Amino acid sequence: MRRFIVPALTTALLTACTGTEEVQYAVQLGVLTDTAVGVATQLRALNTDGGSVNTTPVTGGVDVLPLSGARRLITVRTGGAETRAPNGTDPQPFADPGFTPCYTRAAQDATRTRLLLLSECSGVQRAALFNADTRALLWTALLPTYLPPVATSDTPPTRLAVQGDVGLITRARLNGGSEVIRVAIPSGAATPEVSAPLAIPSVFDLAPYAGRILAATATGIQALKSSGEPDSATTLTAFGTNRFDRLWVGGANDTLLAAWRSNVLAGTADSPLRLWDGNASSAATVANLADIRDLTLPSDGKAYVLAGQNLNRYDVTLGLTTGNWAPKTLTTLTAPLSIAWTVPVPTP
């Protein structure tokens, strides 16, 4: 039987000088929610038992992401981005991109030291790459004119990925499938070069994993070639040749890969959330879930999943070894959008 090491990040009991016991959580969650659907957004800091720590208004919230080292969060808004303390305070803005942003999507590289943002204002798409640790702007690029097709359940969404200082953007192609655009600064140059859109099979999500960029396609999860095209020869057998719509990476050493087929797009009541440790011959099924908004896989051996209005917790370490995922609904939220984890500095 394969052994799994439980990470050291666990909840500890600290005794204050008064003699009373206080729970110190080694991992904390940041959840971006709507106060009411489409009205306003908030960043809610929660403990891993679902208890509230703090709530901070975030105007035009788009996404929340962990920073490298997990000591701070990144909040992306339509009009800007910043890093924040785990409780949502102390916003530190990213550099001005040199244009008025209308940010709609964000992505990180595997080390979480690069942040790629997509701005879409009045049909004009621009990409901006930042050093996430220093919040400095590395490059911006105007993308080729985009003519989106009429959206259906099979229309691939726009997705981003980062590898090094190279940005990848996939988007639906007018005559079917996806197209990929590669943005990078050539050796010896000072400005980025934007590739012409390359027609590729439909890509529904992208994620950095094990030194590669993985794509969720209609025929399985496949690594991208250097050109940005999915390589069918690299299809991950652990997930079979099924379509997935979302991919997530995490765990203590980013060895966990989660995948889910949207039940909304598939027209089913729910769909299995599957999780792979990088070694097993087949990905395990965590639970059958509907309307997954986002999930995060911290270093505490758990998975925290926004499914519909619920924040659910699953025991990954226990589930992968025994099949018992110990599911628990921690709290109910209003229109949750995105979730990330941090490691707060312990209270003295």
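Brief remarks follow.
- Selection of the range 256-276 for residues being open to solvent by 30 Å² or more (accessible area, probe 1.4 Å) and either assigned to a loop (DSSP other than H, G, I, E, B) or in contact with a Pro (Cβ under 8 Å, 6 or more places away or on another chain) (or both) yields ARG261, GLY267, THR268, ALA269, ASP270.
- Of the residues making up the range 103-150, those that are under 16 Å from ASP205 (Cα atoms) and among the hydrophobic types (A, V, I, L, M, F, W, C) are ALA106, ALA107, ALA110, LEU116, LEU117, LEU118.
- Of all positions in the range 208-215, at least one carries a residue that is under 28 Å from THR285 (Cβ atoms), open to solvent by 50 Å² or more (accessible area, probe 1.4 Å), in a strand (DSSP E or B) and at pLDDT 95 or above.
- Members of the range 282-298 that are hydroxyl-bearing (Ser, Thr, Tyr) and outside any strand (DSSP E or B): SER282
- Hey, ASN279 assigned to a strand (DSSP E or B) and modelled with pLDDT of 95 or more or not: no
- Residues of the range 221-254 classified as free of Cβ contacts under 8 Å to residues at least 24 places away in the same chain, of a type in the set (S, T, N, Q) and assigned to a loop (DSSP other than H, G, I, E, B), total: 5
- Output for the range 330-348, where each listed residue is in contact (Cβ under 8 Å) with a residue 60 or more places away in the chain and either under 18 Å from the mean Cα position of the chain (by Cα) or assigned to a strand (DSSP E or B) (or both): LEU330, THR331, ALA335, PRO336, LEU337, SER338, ILE339, ALA340, TRP341, THR342, VAL343
- Filter pass, VAL194 being surrounded by fewer than 19 Cβ atoms within 10 Å (Cβ to Cβ), within 22 Å of CYS121 (Cβ to Cβ), of a type outside the set (S, T, N, Q) and modelled with pLDDT of 95 or more: yes
- With a requirement of 1 or more residues that are in contact (Cβ under 8 Å) with a residue 12 or more places away in the chain, under 25 Å from ASP254 (Cβ atoms) and hydroxyl-bearing (Ser, Thr, Tyr), the strands (runs of 3 or more DSSP E) lying completely within the range 35-102 that satisfy it span 73-77, 80-84.
- Qualifying residue in the range 225-233 (condition: over 29 Å from THR48 (Cα atoms) and in contact with a helix residue (DSSP H, G or I) (Cβ under 7 Å, 6 or more places away or on another chain)): no
- Residues in the range 279-310 that are under 19 Å from the mean Cα position of the chain (by Cα), open to solvent by 30 Å² or more (accessible area, probe 1.4 Å) and touching a residue at least 40 places away in the same chain (Cβ under 8 Å): ARG293, LYS302.
- Here THR285 passes the criteria (1) out of contact with any Pro (no Cβ under 6 Å at 6 or more places or on another chain); (2) under 30 Å from ALA70 (Cβ atoms); (3) polar (S, T, N, Q) except the one numbered (1).
- The range 299-324, residues that are part of a loop (DSSP other than H, G, I, E, B) and either more than 28 Å from LEU67 (Cβ to Cβ) or out of contact with any helix residue (DSSP H, G or I) (no Cβ under 8 Å at 6 or more places or on another chain) (or both): ASP300, GLY308, GLN309, GLY323, ASN324
- In a residue-by-residue description of the range 204-212, the property of being in contact with a Gly (Cβ under 9 Å, 6 or more places away or on another chain) and under 30 Å from THR140 (Cβ atoms) applies to at least one position.
- Exactly one residue out of ARG112, ARG126 is touching a strand residue (DSSP E or B) at 6+ places or on another chain (Cβ under 9 Å), part of a loop (DSSP other than H, G, I, E, B) and either at pLDDT 95 or above or crowded, with 20+ Cβ neighbours inside 10 Å (or both), and it is ARG112.
- Scope the range 232-255; condition closer than 17 Å to SER202 by Cα and open to solvent by 40 Å² or more (accessible area, probe 1.4 Å); matching residues: SER232, ALA233, THR241, ASN242, ARG246
- Residue match in the range 115-123 (condition: closer than 28 Å to GLY251 by Cα, assigned to a loop (DSSP other than H, G, I, E, B) and open to solvent by less than 50 Å² (accessible area, probe 1.4 Å)): no
- Number of positions in the range 67-125 that are in contact with a Pro (Cβ under 7 Å, 6 or more places away or on another chain) and farther than 20 Å from ARG44 by Cα: 4
The values are calculated or read from the model by the stated rules, or taken from the named source; none is laboratory data. Model, not experiment: these values are computed from the prediction. Here Cβ is always computed from backbone atoms with ideal geometry, including for glycine, and neighbour counts include all displayed protein chains. Remember, those area values only see protein heavy atoms, side chains included, never the ligands or the DNA or RNA. Shrake-Rupley method; radii C 1.70, N 1.55, O 1.52, S 1.80 Å.
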